[in-house]
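The structure appears below as structure tokens.
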Amino acid sequence: MWRPVLIVLQPTPFCNISCDYCYLRGRDNRSVMSAGVLSAIRDKVLPRISPDAAPAIIWHAGEPTVVPVSWYRRAYSELRRTAPTDASFTVQSNGIALGRDWIPFLKETETRIGLSIDGPQAFHDSRRKTKSGKGTWSLVMQTLRELQAARISPKVVTVLHPLSLQAVDEYFEFYRDNGITHVSFSIDEAEGCHASSSFNGKDQRQGSAEFLLGLLKRAYTERYPLHIKEVERMASILAGGELHNEQIDAWQVLVVAANGDVTTFSPEFMEVRSQAHRNFNFGNILTDDFDRIFASALVARTQAEIRKGVDLCRARCRYFAVCGGGAPSNKMQENGSLESAETEFCRLSVQPAAEAFRKFVHWARQRPEDQFISSPRFFAEQHA
């Protein structure tokens, strides 16, 4: 049976803030996923999943919490009827509209929460703004404190700017002082309608690696449990875990838009434009037979192109063993072809994480007072 890793559901394309690096084309569209689309997910999609699978089901893109929590109660009740027992649910939010009425729902349904916070206030407010241009840091921090008071610990997504790389201490102290223990880093990549990254034209690989290394050293020295997703993923692989890139095989990732449109491979394909691939729209669950969507010639052709790109990565890139072939959406957006290899996103996200981890283990081994970090396996076990 089908064993997807990630299912992204878009309750609405609308977003209530205006980030400088937003890649969503429909962020002013206030439509909401209909009962018909939810029913199709319940009846056509979820029953095809193997009962012992454990997909992550994420409400994401635009801002999920602009849709009332009462809608999610109904949606959760419907989807839980056919979802695998071990499926998990997550809401990824900017935190602005996530009021206290969400807390009982999150607890009752064991729905996880992710917050987008770009670090200290000056960095966050410079790019994550309200529609009127004001910073949103104070609003999302209030939400963070309310969640923590309710014993809910959100995972945080931080988008970095080149200036961030010079402020490692400020970032570490921000996470430490606000009780944030799980963070994932990205760059403001060229994606969708965001055509140009602030990193364009700058070789920031070493700076990115040193930033992550600095965080690891501070956390280790102060015994603060800061979990960096990108680094821990690589530690797990090097400790003997399985290398798995869910973006290179069809239907490991499924994305369903608010109107029922469907894509696979990279979640960001919903925002990437390519006439040759019908803008990566592989069908609609309201109007198309789901088995035919799965087996479509367009999906098969896209898969073949992606595999050629993965083969190029395998042949050319020293980081392939901890990456597995990159993200097809980045290849298409940056290189104009799925049959391509390295991207700026890889150079500034994947490669620095690998270098930071390598240097961190070497650094830790040289400390005579600390003998207990000696292998990737130990690091992975401590951060599991």
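The values are calculated or read from the model by the stated rules, or taken from the named source; none is laboratory data. Predicted model, so just to flag it, every value in this text is computed and none were measured. Heads up, the Cβs are rebuilt from the backbone with ideal geometry, glycines too, and the neighbour counts pull from every protein chain shown.
Test ALA75 against the criterion of being among the small types (Gly, Ala, Ser), in a helix (DSSP H, G or I) and within 24 Å of THR287 (Cα to Cα), and give yes or no.
So ALA75 passes the test.
Since SER153 meets every condition but one in (1) surrounded by fewer than 16 Cβ atoms within 10 Å (Cβ to Cβ); (2) within 30 Å of PHE280 (Cα to Cα); (3) of a type in the set (Gly, Ala, Ser), which condition does it not meet?
If we test SER153 against (1) surrounded by fewer than 16 Cβ atoms within 10 Å (Cβ to Cβ); (2) within 30 Å of PHE280 (Cα to Cα); (3) of a type in the set (Gly, Ala, Ser), just (2) comes out false.
Give the number of residues within the stretch 9-37 that are part of a helix (DSSP H, G or I) and either within 21 Å of PHE269 (Cα to Cα) or hydroxyl-bearing (Ser, Thr, Tyr) (or both).
Filtering the stretch 9-37 for residues part of a helix (DSSP H, G or I) gives 35-37.
Next, only the ones that are either within 21 Å of PHE269 (Cα to Cα) or hydroxyl-bearing (Ser, Thr, Tyr) (or both) stay: 37.
Within the stretch 9-37, residues that are part of a helix (DSSP H, G or I) and either within 21 Å of PHE269 (Cα to Cα) or hydroxyl-bearing (Ser, Thr, Tyr) (or both) number 1.
Is it the case that some residue within the stretch 204-218 is under 20 Å from the mean Cα position of the chain (by Cα) and part of a loop (DSSP other than H, G, I, E, B)?
No; the residues of the stretch 204-218 include none that is under 20 Å from the mean Cα position of the chain (by Cα) and part of a loop (DSSP other than H, G, I, E, B).
Among the residues of the stretch 137-172, write down those that are assigned to a helix (DSSP H, G or I), among the charged types (D, E, K, R) and in contact (Cβ under 8 Å) with a residue 40 or more places away in the chain.
Within the stretch 137-172, GLU146, ASP169, GLU170 meet the criteria.
Any chance you could count how many residues in the stretch 191-214 are surrounded by fewer than 16 Cβ atoms within 10 Å (Cβ to Cβ) and within 16 Å of ASN335 (Cα to Cα)?
Result for the stretch 191-214: 5.
Within the set of pairs 6+ apart or on separate chains, which have a first residue in the stretch 228-246 that is under 14 Å from ARG358 (Cβ atoms), a second that is buried (at least 19 other Cβ atoms within 10 Å of the Cβ) and at pLDDT below 90, and C-beta atoms under 6 Å apart?
ALA235/PRO376; ALA235/PHE379; ALA235/ALA380; LEU238/PRO376; ALA239/PRO376; ALA239/ALA380
Report yes if ARG358 is over 21 Å from the mean Cα position of the chain (by Cα), modelled with pLDDT of 95 or more and in a helix (DSSP H, G or I), otherwise no.
Considered against the rule, which asks whether it is over 21 Å from the mean Cα position of the chain (by Cα), modelled with pLDDT of 95 or more and in a helix (DSSP H, G or I), ARG358 comes out as no.
A quick yes/no check of all residues on (1) closer than 19 Å to ILE7 by Cβ; (2) touching a residue at least 24 places away in the same chain (Cβ under 8 Å); (3) of a type in the set (A, V, I, L, M); (4) not in a helix (DSSP H, G or I):
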position: VAL262; (1), (2), (3), (4): yes, yes, yes, yes
position: PHE269; (1), (2), (3), (4): yes, yes, no, no
position: THR287; (1), (2), (3), (4): no, yes, no, yes
position: GLN303; (1), (2), (3), (4): yes, yes, no, no
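Has the stretch 124-136 got any residue that is at pLDDT below 95, assigned to a helix (DSSP H, G or I) and touching a Ser or Thr at 6+ places or on another chain (Cβ under 9 Å)?
Within the stretch 124-136, not a single residue is at pLDDT below 95, assigned to a helix (DSSP H, G or I) and touching a Ser or Thr at 6+ places or on another chain (Cβ under 9 Å).
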